[in-house]
Every structure is written in structure tokens, then in C-alpha cells.
Amino acid sequence: MNLKRGTIRYQFGKREYTLSFTPGVAASSRGLQILSEMIHLEHGWRVTVALEPEASLFIKEASLEINYRFTGDDRIYCNGFQSWTESREFYPNEKIKKLPLSSKKFKINCMGDYHFYPYSGGKGRLHSHSYCYIKQKTGDLSFLGSLCEETGYTIFACETKKNRIMIVKDVEGLEISPGRHAIMDIMLTQGPERNILPSYFEELCPGLETRDPATGWTSWYRHYTNISEEIILGNLKSFTQNNIPIDIFQVDDGYQSAVGDWLDIKPSFPNGMKHIADSIRSAGLRPGIWLAPFICEEGSKIIKEHPEWLLMSGGKPVPAGWNPNWSGTFYALDVLNDEFLYHLREVFNTVFNQWGFDLVKLDFLYAAAIEPRQGMTRGTIMSEAMKFMRRCAGDRLILACGVPLPAAFGMADYCRIGSDVAPKWEDHLLSAINYRERVSTANSLASTVGRSHLNGRVFVNDPDAVILRDEDNSLSQDERFTLFMLNNLLGGLLFTSDDVGAYSPELARIYLSLFPFRKKENMTLRVNDLVETTFRIGENSYTAFANLSSHRAKSVLGDGTFFCSTLPEEDRFVAGDTEITLRPHESRCYLSVREEFFSVAGTTAHVFPGSEIISCTQKGEVVKITQHEQVRNRNTVYLRAPNIGQYIINGTAVTARKIWEKLFILQVDI
């Protein structure tokens, strides 16, 4: 990467000026001085740009230009604007297409960056928010990342045909006064992914300790806004009666009379929300509730009683989107209005201290900063809004959603990193109009893969809910399992909305195979025709494959011996170097069978075979297997034996059988 030049365009008095500068070298022009440094890092450079005006002035443009020679083998990671925006690796010749003009009718342009970033729709014109990397054929990264998003959103615009990367700051509306103002702080590094990505996120959130992985239930993806006290407590009863060890039980949208009127509860909750939270806590779970603090819908009391709290532009309220589940258009509220912020504090005080909820899912957060104002950029307003949310929540849990991600780094405990899933694979109409925030299982999974590197570094990833049920579900069996496995593998918060009490025995077995929900370590990820992942859980090593494409895809297992519990019983052990073929949207996970005798060679109770086994000890002919306390499925355990012979496993006599040369297996049900 060759850092070429920087540009600052500004308005001083009634005139506009453009000042080009060399990064690392001070420069000045009428009314403004630019201070820039180039700081050498272990794997590259850190570039800072600060501005010192003589008097108040408006910044119109702030950018850096980099020369970069792209090749056809490169993969360019583009991080989307907010939680729901498509985020993945692109080929150099791909496009990020424009929305059609008709999209404005349904306000979907409000939910992304379409209203402030100029989409060209041309081949090789790609852009990424906050950070970006180019992955070479060797696997090494050329990485570019902003360390200063609170001064404005940073956009990395890759123009592959021009071999150029423009680093552009969204400075619309920015007014600065005399004094020093940091405006850009960019990390430019190159090297192995295992070094580059951790160093960036550690610089952003030094010493951050994220929450443990968690499981739960949310009402949205089965009942949507049609919820009641009876439905919520009925589902809670299903979990308690079946002794299912989830952590969080969350009430989603639909309990309130209108979006924005959070303390006005529907008659379908006759005993109020405190009764709901108390019931959840009595079941040994953490109660959660949904809020969209920065928006309100048409017809809400907040619009009628406090129109002065609405964000206005040109004398009209600013739309933040359109939702058919509500009354159509919904509007942004003004987070710079002190009276409105006081009202929000009272809402959170009620939710936490009077009702007794422990977690708030905060949704549609992008609306806080949909317009720059009062001399502040969108990025500044968004950053301040998230800090305010954190102060309101204190040590309670925040699940952020619909948020420009850097504003949630270190502020949210959990964060949605993909679009909403759906009980179907793809929404072909919304895909056809290039809507990057569309509700779509395929879209969600692309970002779950693309943003997996965030998990446990800046927050815990929420890849959205899994949908296994048969009712109101067009997902195929392969698609359901792929959603289930990838969310389990790459996320840290795993929810469902299904009525688990209505599951068939086979669906119940699949769902219960997530317990215990374990951390995954030493993960590597490769995305080509297949998503291929290697990882460890405890002493066990795994290789997982997911085919997100609409055609069959092939790969080859590595060296050794492997076990896959989702294959027919006679085919579960697979030799290394075997070519495997996956159907469209099919996924599989393979356990690498260890060489040690009496090690676990496979199990059937868990989606990641063997991860539910705590210990396996052997003395002579007696073997003892101990499972994790959260195992809920009946389990068939396979152990590697030294030869054919009889052993006593957990009190049962078992004879080893020969699978093939030098592979002898003991099989026992526990």
C-alpha cells in the first residue's frame, strides 16, 4: 500500500478552500492548519490527521488516497453500514449495486447508507465501513481500519480498476472551532490474519473482556407482534417442563401499544411486565425485553403529545423506515433533545428497576444519527447515543441491533451482526432490487460468516435466531440445519423463537444438540464454493463445511480419520483425503479422531461430536465416561480401542469392532 496524498475541503467565511497535503507532513491554508503524523507499527503504519482552525469553519471533505495493485486472486472484505447490511468478501470485479428510485416509496433507503454514500453500481467499485481488508492468495491481509469513528463514519472505497483506495470521512455537517480536532486515525497493516485482526481490535478496545456465550428464546420469529402474556408464559413453561438449560428469555416487539410508547402496555398483558419478568426469573432465567429507543411510529402517543421530540428536517419529521407490522412509516427521535433523553432515562429506570428486566434488546439504533446536525457528524451523534445507552443500562445487558457496528464496540454486550433471518432461504424480490439490509436467511448467513472475526473481540456476536420448526417454515431440512450449525459455530448468542414443546422427537433432538453451548477456539475460516472452518473445542479438533450456494460443492478432508454424526451410521467414520460433496445449502461437521486409545472418536448427542464429554478415563478393562451436565439427548459414544476385545464402559460390557485397518471402535449408549 502506497499512501499518496490527503485532501481537506472546507468553508471559511463565505469561501470554500481545498488543501492537499502529504500524510505525515504539516500543511496550512487560509484559516486552517493540518497536523499529520505517520507512526511506525510492527506490521505497518498508523496515520493521524488533526485540524486546527483559526476560527469556526465547516469541513466539507476529508480523504486520503492510497495506491494499491489489485489482482484477480484478491478477496476484498467489505463491512456493511449497520447490523443488517450485507458484509462479506467480494471478488475484485463484483459490484455493490444501487437501489432503484422506487425504494424511497417504502423508506428502505433510510436503513442503510444509500442516502449519504454515492453508490456507483460499477464493477470493481466496492466500499466498506470502518475497516476493510484485501486477502491475498497466500492468505495474508492488507488491512485498513479506522481508530477514530466518533468523529465521523469512515468509508474505504476500493476502485479495483484504478488500483486505488480512497479513505473518505463522512464529515457532512461538521463544524469545528479553534483548537485541535482529531479527524482521522487510520491503521494500515499487512501480514497474517492471526496477527493483523487481533491487533486492530485490541487497539480499539484494549483489555476488553466480553461476555460468555449464551442461549435463549425470543418471541419474534414465531409470533412477531402478535404476542400476549399467555403466549410468553406458555413458551416459558415449555422450557421449564422440558428442563432445557437456556440462559435468557426475551419478550420482543408487540407488548407495547405502539412503537415509541414503551410504558403503555397492551391489554393482552393483563398482569403487566413486572409479572412477566418475575416469572422468567423464577424459572432461573434472565428476563429480556425489546425496545427501539430512537424511533416512533405514526399513531403513537409520543408523536401526538411530544412532536417537539421528533427529528425534523425542512420543517418535516425525518422518516427512519417503513414497517408493515406497524402503522407504516416510522420516524427518528432527536437524541440531542434533553427532554427526550430525560424521558428515555425514565423508560430505562422503569424497565430495569420497576419491571425487573436484566437485558434490553435495542433495535433500529441507526435512527439516532440518520441526519447530521448541530455541527456534529452522523458518526459523532451515533457514538454519543450509544454511550448514553450504556450509561442508562449500567451493568445490565445490552443486545444492540440495527446499529453502525463501531458505535457498539465495547458498548454493547451482544450485537447483531447480520440481517434478520426468515422462515425461507431468500427474498427474491428484495434481492433483485439490491436491498442489502433485507430480511433473508441467506443474507444473514453471509454476514454471520463475514463478521465472525468480531466475536469475543469487541462484543459477543448475535447471528440471529435459528428456525427448526415445521409450522410456518419454508426452509428445507438442509437449510434449517445450516442455519443452526453456522449460528452455533460462528456466533456467541444462540436464540430460537420456536415453540419447543411442539417439536417432533427428531427436531427436539437437533435443537437439544446445542447443549452445552461451548466456546470455539483456534478458528480458521476459508470461503470459496464452500465455507470451510477448522476449530477446537477443548481437546477436540473439527472441520466444518457449509454450502451456501445453489449448486453442489466439493472439498477434500485433510489427513487422518474423521467422524460425522449426521451421516448414516455405517458411513460415520471417514478416511482422510476423501472427497466430499455437499448438496445446495447442506452443512456437515467432522470430528478429527485422535490417535490415543480410549479417546472419544465420536458422539451423537451434540452438533459438534465429543464436545459434550467432560472426561474419559480407563483403568485396565474398565472405562468411565462423564458428560456435561447440560446434555439433554440420549448419547451414543464411540471410543478408539487398541484392538478387538471386551471392556466395561459405565457398567456395560462392550466389545470393540474393527472399522478398518488399525481403527477399532467401542460403541456404547449412555
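The values are calculated or read from the model by the stated rules, or taken from the named source; none is laboratory data. Bear in mind that the values here come from a model prediction, so they are computed numbers and not experimental data. Every residue, glycine as well, gets a Cβ built from its backbone with ideal geometry; the counts of neighbours run over all protein chains shown.
VAL318 versus (1) crowded, with 22+ Cβ neighbours inside 10 Å; (2) among the β-branched types (Val, Ile, Thr); (3) closer than 17 Å to MET382 by Cα: which is the lone unmet condition?
Unmet for VAL318, out of (1) crowded, with 22+ Cβ neighbours inside 10 Å; (2) among the β-branched types (Val, Ile, Thr); (3) closer than 17 Å to MET382 by Cα: (1).
Counting only residues that are of a type outside the set (A, V, I, L, M, F, W, C) and assigned to a loop (DSSP other than H, G, I, E, B), how many does the range 587-596 have? Give the derivation first.
First, pick out the residues of the range 587-596 that are of a type outside the set (A, V, I, L, M, F, W, C): 587-588, 590, 592, 594-596.
This time we only want the ones that are assigned to a loop (DSSP other than H, G, I, E, B), so: 594-596.
The number of residues fulfilling the criteria is 3.
Restricting the search to the range 142-151, which residues are in a strand (DSSP E or B) and either buried (at least 23 other Cβ atoms within 10 Å of the Cβ) or modelled with pLDDT under 95 (or both)? Step through it out loud before you land on a result.
Going through the range 142-151, the residues in a strand (DSSP E or B) turn out to be 142-146.
Listed by number, the residues that qualify are PHE143, LEU144, GLY145, SER146.
When the residues of the range 547-579 are filtered to those that are within 17 Å of ALA601 (Cβ to Cβ) and charged (D, E, K, R), which remaining residue is farthest from the chain's Cα centre (by Cα)?
My answer is GLU570.
Spot the failing condition for PRO584; the list is (1) under 29 Å from the mean Cα position of the chain (by Cα); (2) assigned to a strand (DSSP E or B), and only one is missed.
If we test PRO584 against (1) under 29 Å from the mean Cα position of the chain (by Cα); (2) assigned to a strand (DSSP E or B), just (2) comes out false.
Listed residues THR350, THR377; which is more than 18 Å from ALA393 (Cβ to Cβ) and assigned by TED's automatic domain parsing to the domain that holds SER282? Even if it seems obvious, please write down each step before you answer.
On the way: THR350 fails: more than 18 Å from ALA393 (Cβ to Cβ).
THR377 is the lone residue from the list that is more than 18 Å from ALA393 (Cβ to Cβ) and assigned by TED's automatic domain parsing to the domain that holds SER282.
Within the bounds of the range 174-182, is there any residue that is assigned by TED's automatic domain parsing to the domain that holds GLY13 and crowded, with 19+ Cβ neighbours inside 10 Å? Please lay out each step first, then the result.
As a first pass, look at the range 174-182 and keep what is assigned by TED's automatic domain parsing to the domain that holds GLY13: 174-182.
When the remaining residues are screened for being crowded, with 19+ Cβ neighbours inside 10 Å, the result is 174, 176.
Checking the range 174-182: at least one residue is assigned by TED's automatic domain parsing to the domain that holds GLY13 and crowded, with 19+ Cβ neighbours inside 10 Å.
Select from the range 502-528 the residues that are surrounded by 15 or more Cβ atoms within 10 Å (Cβ to Cβ) and assigned to a strand (DSSP E or B) and list them in ascending order.
MET523, LEU525, VAL527
Are any residues in the range 411-433 in contact with a helix residue (DSSP H, G or I) (Cβ under 8 Å, 6 or more places away or on another chain) and surrounded by 19 or more Cβ atoms within 10 Å (Cβ to Cβ), and if so, which ones?
MET411, ALA412, CYS415, ILE417, GLY418, SER419, ASP420, VAL421, ALA422, TRP425 - these are the residues of the range 411-433 that are in contact with a helix residue (DSSP H, G or I) (Cβ under 8 Å, 6 or more places away or on another chain) and surrounded by 19 or more Cβ atoms within 10 Å (Cβ to Cβ).
Kindly list, by first and then second residue, each pair from a residue in the range 605-633 that is in contact (Cβ under 8 Å) with a residue 12 or more places away in the chain to a residue that is acidic (Asp, Glu) and in a loop (DSSP other than H, G, I, E, B), limited to pairs with Cβ atoms under 7 Å and residues at least 6 apart or on different chains.
As it stands, the answer is ALA605/GLU612; HIS606/GLU612; GLN627/GLU612; HIS628/GLU612; VAL631/GLU612, since those pairs meet every condition given.
Consider the range 325-340. How many of its residues are of a type in the set (Ser, Thr, Tyr) and outside any loop (DSSP other than H, G, I, E, B)? Write out each step before concluding.
Step one: filter the range 325-340 for residues of a type in the set (Ser, Thr, Tyr), giving 327, 329, 331.
Those still in the list that are outside any loop (DSSP other than H, G, I, E, B) too: 329, 331.
Counting residues in the range 325-340 that are of a type in the set (Ser, Thr, Tyr) and outside any loop (DSSP other than H, G, I, E, B) gives 2.
Residue under question is ARG572, and the condition is that it be surrounded by fewer than 22 Cβ atoms within 10 Å (Cβ to Cβ), basic (Lys, Arg), outside the structural domain of PHE484 (by TED's automatic domain parsing) and over 29 Å from SER447 (Cβ atoms); does it hold?
Values: surrounded by fewer than 22 Cβ atoms within 10 Å (Cβ to Cβ): no; basic (Lys, Arg): yes; outside the structural domain of PHE484 (by TED's automatic domain parsing): yes; over 29 Å from SER447 (Cβ atoms): yes.
Spelling it out, it is not the case that ARG572 is surrounded by fewer than 22 Cβ atoms within 10 Å (Cβ to Cβ), basic (Lys, Arg), outside the structural domain of PHE484 (by TED's automatic domain parsing) and over 29 Å from SER447 (Cβ atoms).
Taking the conditions exactly as written (under 26 Å from PHE459 (Cβ atoms), of a type in the set (S, T, N, Q) and outside the structural domain of LEU51 (by TED's automatic domain parsing)), does THR189 satisfy them or not?
Details: under 26 Å from PHE459 (Cβ atoms): yes; of a type in the set (S, T, N, Q): yes; outside the structural domain of LEU51 (by TED's automatic domain parsing): no.
For THR189, the condition - under 26 Å from PHE459 (Cβ atoms), of a type in the set (S, T, N, Q) and outside the structural domain of LEU51 (by TED's automatic domain parsing) - is not met.
If the requirement is being surrounded by fewer than 16 Cβ atoms within 10 Å (Cβ to Cβ), hydrophobic (A, V, I, L, M, F, W, C) and within 25 Å of PHE573 (Cα to Cα), which of these qualifies: VAL556, VAL531?
Details: VAL531 fails: surrounded by fewer than 16 Cβ atoms within 10 Å (Cβ to Cβ).
VAL556 is the lone residue from the list that is surrounded by fewer than 16 Cβ atoms within 10 Å (Cβ to Cβ), hydrophobic (A, V, I, L, M, F, W, C) and within 25 Å of PHE573 (Cα to Cα).
Return the residues of the range 556-581 that are in a loop (DSSP other than H, G, I, E, B) and of a type in the set (Asp, Glu); say none if nothing qualifies.
Going through the range 556-581, the residues in a loop (DSSP other than H, G, I, E, B) turn out to be 557-560, 564-568, 572, 576-578.
If the condition is that a residue be in a loop (DSSP other than H, G, I, E, B) and of a type in the set (Asp, Glu), then ASP559, ASP577 are the ones that fit.
Taking the range 350-381, which residues are more than 28 Å from the chain's Cα centre (by Cα) and in contact (Cβ under 8 Å) with a residue 24 or more places away in the chain?
Our first condition is that a residue be more than 28 Å from the chain's Cα centre (by Cα); within the range 350-381, this holds for 350, 353-355, 373-375.
Passing the criteria: THR350, GLN354, TRP355, ARG373, GLN374, GLY375.
Within the range 532-553, does at least one residue satisfy the condition of being assigned to a helix (DSSP H, G or I) and either closer than 28 Å to GLU202 by Cα or touching a Phe, Trp or Tyr at 6+ places or on another chain (Cβ under 7 Å) (or both)?
No, that holds for no residue.
Which of the residues belonging to the range 272-324 are within 29 Å of ASN235 (Cβ to Cβ), touching a Ser or Thr at 6+ places or on another chain (Cβ under 9 Å) and in a loop (DSSP other than H, G, I, E, B)?
Of everything in the range 272-324, those that are within 29 Å of ASN235 (Cβ to Cβ), touching a Ser or Thr at 6+ places or on another chain (Cβ under 9 Å) and in a loop (DSSP other than H, G, I, E, B) turn out to be ALA283, GLY284, LEU285, GLY299, SER300.
Go through the range 51-83 and give me each residue that's surrounded by fewer than 17 Cβ atoms within 10 Å (Cβ to Cβ) and of a type outside the set (D, E, K, R). Quick ask: steps written out before the conclusion?
Going through the range 51-83, the residues surrounded by fewer than 17 Cβ atoms within 10 Å (Cβ to Cβ) turn out to be 52, 54-56, 60-61, 67, 69, 71-73.
If the condition is that a residue be surrounded by fewer than 17 Cβ atoms within 10 Å (Cβ to Cβ) and of a type outside the set (D, E, K, R), then ALA55, SER56, ASN67, THR71, GLY72 are the ones that fit.
Output the qualifying pairs, or none if there are none: Cβ atoms under 7 angstrom, residues six or more apart or on different chains, first residue in the range 228-257 and among the acidic types (Asp, Glu), second residue part of a helix (DSSP H, G or I) and crowded, with 19+ Cβ neighbours inside 10 Å.
Final answer for the pair search is GLU229/ILE276; ASP252/TRP220; ASP253/TRP220.
So which of SER103, SER130 ends up being out of contact with any Lys or Arg (no Cβ under 6 Å at 6 or more places or on another chain), crowded, with 16+ Cβ neighbours inside 10 Å and under 30 Å from GLU16 (Cα atoms)?
On the way: SER103 fails: under 30 Å from GLU16 (Cα atoms).
Of the residues listed, the single one that is out of contact with any Lys or Arg (no Cβ under 6 Å at 6 or more places or on another chain), crowded, with 16+ Cβ neighbours inside 10 Å and under 30 Å from GLU16 (Cα atoms) is SER130.
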